[in-house]
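A.B. asks: Pasting a structure below so you can have a look.
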Amino acid sequence: MQKPFFLLPAPLSFGLVIGMAWLLDNLWPWPLANDLWSFYAGCGFIDVGAVLLLWSAWLMFWRKTTLSPYGKPQRLLQEGPFCFSRNPIYLAFLVIYIGIALLWAQLWAWILLPLAVLLLNFGVIRHEEKLLLQHFGDEYVQYCKKVRRWF
């Protein structure tokens, strides 16, 4: 595992990217077609992301492990949403971001979406993977072989 370049909390990463999209939209508007389909799809993505976020966070609290990327994990979760994603909370943020981009109907949010993913990969996930490998060793290696990073 490589060392992270920096450690930036996921909500802050997405907030920065959305803020950059908003700023660029105000400087150079690049609107997309905004119809009823994009409204309902955006709401649907936000709802799915919120449910995934709450389910993941609830499971972490219930199993008494930390939500903080700075904290020491108490156990390696492999149930619930952690069966299909090693990072369901970050996946939830990504799904919510897509919902916001659909509702917002401007191209800057879509152009900057890869930046949000890169910030997560290099700013948070690398750090967490190194930490989990240190704490759980081979159990984490086996988990990584079974479950993908995102989905």
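A.B. asks: Only one of 53, 67 is under 22 Å from residue 117 (Cβ atoms), modelled with pLDDT under 95, of a type outside the set (Val, Ile, Thr) and out of contact with any Lys or Arg (no Cβ under 9 Å at 6 or more places or on another chain). Can you tell me which?
C.D. replies: 67
A.B. asks: State yes or no: is residue 73 in contact with a His (Cβ under 7 Å, 6 or more places away or on another chain), over 30 Å from residue 29 (Cβ atoms) and not hydroxyl-bearing (Ser, Thr, Tyr)?
C.D. replies: Yes; evaluated as a whole, the condition is true for this residue.
A.B. asks: Every residue in the range 21-40 that is surrounded by 12 or more Cβ atoms within 10 Å (Cβ to Cβ), hydrophobic (A, V, I, L, M, F, W, C) and over 19 Å from the mean Cα position of the chain (by Cα), please. So that I can check it myself, show each step before the final result.
C.D. replies: The initial filter retains those residues of the range 21-40 that are surrounded by 12 or more Cβ atoms within 10 Å (Cβ to Cβ), namely 21-22, 24-25, 30, 32, 34, 38-40.
If we keep only those that are hydrophobic (A, V, I, L, M, F, W, C) too, we end up with 21-22, 24, 30, 32, 39.
Those that are surrounded by 12 or more Cβ atoms within 10 Å (Cβ to Cβ), hydrophobic (A, V, I, L, M, F, W, C) and over 19 Å from the mean Cα position of the chain (by Cα): 22, 24, 30, 32, 39.
A.B. asks: For the range 6-17, which positions are in contact (Cβ under 8 Å) with a residue 12 or more places away in the chain, surrounded by 12 or more Cβ atoms within 10 Å (Cβ to Cβ) and either in a helix (DSSP H, G or I) or in contact with a Leu (Cβ under 7 Å, 6 or more places away or on another chain) (or both)?
C.D. replies: 8, 10, 13, 14, 16, 17
A.B. asks: So, of the residues in the range 72-114 that are farther than 21 Å from residue 12 by Cβ and small (Gly, Ala, Ser), which turns out to be modelled with the lowest pLDDT?
C.D. replies: Among residues in the range 72-114 that are farther than 21 Å from residue 12 by Cβ and small (Gly, Ala, Ser), the one modelled with the lowest pLDDT is 105.
A.B. asks: OK, next. Taking the range 18-49 as the search range and keeping residues that are in contact (Cβ under 8 Å) with a residue 12 or more places away in the chain and small (Gly, Ala, Ser), which one is farthest from residue 120 (Cα to Cα)?
C.D. replies: Out of the qualifying residues, it is 33.
The values are calculated or read from the model by the stated rules, or taken from the named source; none is laboratory data. All figures in this text were calculated on a predicted structure; none of them were measured in a lab. Counting neighbours? That spans all protein chains shown, and the Cβs are built from the backbone with ideal geometry, glycine included.
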